[in-house]
Amino acid sequence: MNLPATLSPPRKAVILLSGGLDSTLAARIVRDQGIELHAIHFTSPFCTCSHKAPGNGGGCRSAAQEVAVGMGIPIRTVSKGEEYLEIVKHPRHGRGSAMNPCIDCRIFTLRKAKAFMEEIGASFLVTGEVVGQRPMSQRDDALRGIEKHSGCAGIILRPLSARHLPPTLPEREGWVDREKFLAITGRSRKEQIRLAEEFKISDYPCPAGGCMLTDRTFSIKVRDLVDHQPSFGMHEVLLLKAGRHFRVGGIKAIVAKSEEENRRLEALCRGRDTVYVAHSHPGPSVTLLGGSEEERLDLLSRIFTRYGKAGSVGPYEIREISPDGERLVTVPENPDFEEVGRGLLC
C-alpha cells in the first residue's frame, strides 16, 4: 500500500498520552519497536486525576510530562478549552449514564491528534485504549464509529488490544510487528499491572483515568448549568468545582465549605461575580447569581443563619465585593432556611 502524499516515511507516530498506566504501556511497547514517538496530551477542566500535592504541578499534565521525559518523547500539551465546552453542551452522539459525552470527546481529541500528526509528518496514531474497558467509547462498534467520524480509520494503533482488532495500516505495511502486541480486553487491569512490573514502571497515577462528567453527583451541577445558563464558559465550569451549589427560586447560590474554599471562591469571583464574605461573624463566602437585590439579601440571611459558625447570632455584617466595588451589607438572622436545603444540588 502506498502512503498518502502528505505522510512521511513510516517511522514516526503520535501517541495520545494521558500519563496513566495504559497510555504509558502503549508508548513503551511502540517505542521499543524503534518508532519515533511524539506525544500529545490533552488537559480538561473535568479531569479528576491528582498525582502530586497542589502547588507542585500535580495532576495528569505533570504525570504525562514525567512519562514523556522519562522515555525521551517530545510532548505537546493541548487544552480542550472553550471549543470542547460546545461538545459538553451539545454532544452529537449522546451521553453516557451521566453528563459524559465520551464518543464526541474521543472524536474531538483524535481530530486534534491527527492534525498534529500531519503537522510533524508522522504516519499513524497510537493510543492506550483497551477494548471493552470503557462501556461507552471502547466497545468494538464504538471504536469503529469514532475512527470513521474522526477521519482516522485504519491509522490508530492500539497495542494493548491490537491482536483482538483488525490489522491497522502500520501493521499491514510491516512498519511494526503485530505479533509483539497484546490482546487485552475488558475492565480487569491485571495484565497491565503485570506489564508495569515487567517494565519496572512503578509510579503511575490515574491507572484508569477519570472524568468528572461521569460522576452522577457532579453531573447534577453540570445539567443545572446547561439548563439555566446554556452559554456558559470556562469560568462557570471552574465555579462548579467550588462549594455547595443551590438553586433557590431564580437564584444560583454557591456556598464555600471551608476556609480554603472561601479564599478559592473569592479568587474565582474577583472582577467577575459578586461574592459575599463574612465580616462580623465567622461564616462561609457565598456567591449569588441572578435574582433581585432584595431576593439575594433574603437568601443570604438564610444561608448565614444555616451555615455560619455554630452559636453565631445575627444580624450579620457581610462584605459585598462586586466588580463595581465593595460595601458592607447587614442581614438579619433568619431561621426559615428549609427552602435553602431543598434547593441543594450537591
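Annotations for the structure displayed:
- Considering (1) over 25 Å from the mean Cα position of the chain (by Cα); (2) under 13 Å from D22 (Cβ atoms); (3) modelled with pLDDT of 95 or more; (4) hydrophobic (A, V, I, L, M, F, W, C), the lone condition that I184 does not fulfil carries the number (3).
- Selected residue [open to solvent by 10 Å² or more (accessible area, probe 1.4 Å) and outside any helix (DSSP H, G or I)] from P166, P159: P166
- Residue within region 331-343 that is within 19 Å of L225 (Cβ to Cβ), under 29 Å from the mean Cα position of the chain (by Cα) and outside any helix (DSSP H, G or I) present: yes
- Residue that is farthest from L344 (Cα to Cα), among those in region 223-279 that are of a type in the set (G, A, S), outside any loop (DSSP other than H, G, I, E, B) and touching a residue at least 12 places away in the same chain (Cβ under 8 Å): A278
- Hits in region 291-325 (condition: acidic (D, E), over 34 Å from the mean Cα position of the chain (by Cα) and loosely packed, with under 12 Cβ neighbours inside 10 Å): E293, E294
- Residues in region 172-182 that are open to solvent by 50 Å² or more (accessible area, probe 1.4 Å), of a type outside the set (K, R) and within 14 Å of D32 (Cβ to Cβ): D177, E179.
- Subset tally (residues that are touching a helix residue (DSSP H, G or I) at 6+ places or on another chain (Cβ under 8 Å) and either more than 23 Å from E36 (Cβ to Cβ) or free of Cβ contacts under 8 Å to residues at least 24 places away in the same chain (or both)) for region 183-201: 7
- Once region 75-90 is narrowed to residues that are β-branched (V, I, T) and crowded, with 18+ Cβ neighbours inside 10 Å, the residue that is nearest to V126 (Cα to Cα) is I75.
To keep it simple, each residue is scored yes or no on (1) open to solvent by 10 Å² or more (accessible area, probe 1.4 Å); (2) among the aliphatic types (A, V, I, L, M); (3) farther than 22 Å from N100 by Cα; (4) not in a loop (DSSP other than H, G, I, E, B).
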{"residue": "L125", "(1), (2), (3), (4)": "no, yes, yes, yes"}
{"residue": "R134", "(1), (2), (3), (4)": "yes, no, no, no"}
{"residue": "D141", "(1), (2), (3), (4)": "yes, no, no, yes"}
{"residue": "K200", "(1), (2), (3), (4)": "yes, no, yes, no"}
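The values are calculated or read from the model by the stated rules, or taken from the named source; none is laboratory data. Since the structure is predicted, the reported quantities are computational estimates derived from the model, not experimental observations. Don't worry about glycine lacking a Cβ; one is built from the backbone with ideal geometry, like all the others, and counts go over all protein chains shown. Calculation scope for accessible area: heavy atoms of the full protein, side chains included, ligands and nucleic acids excluded. Shrake-Rupley method; radii C 1.70, N 1.55, O 1.52, S 1.80 Å.
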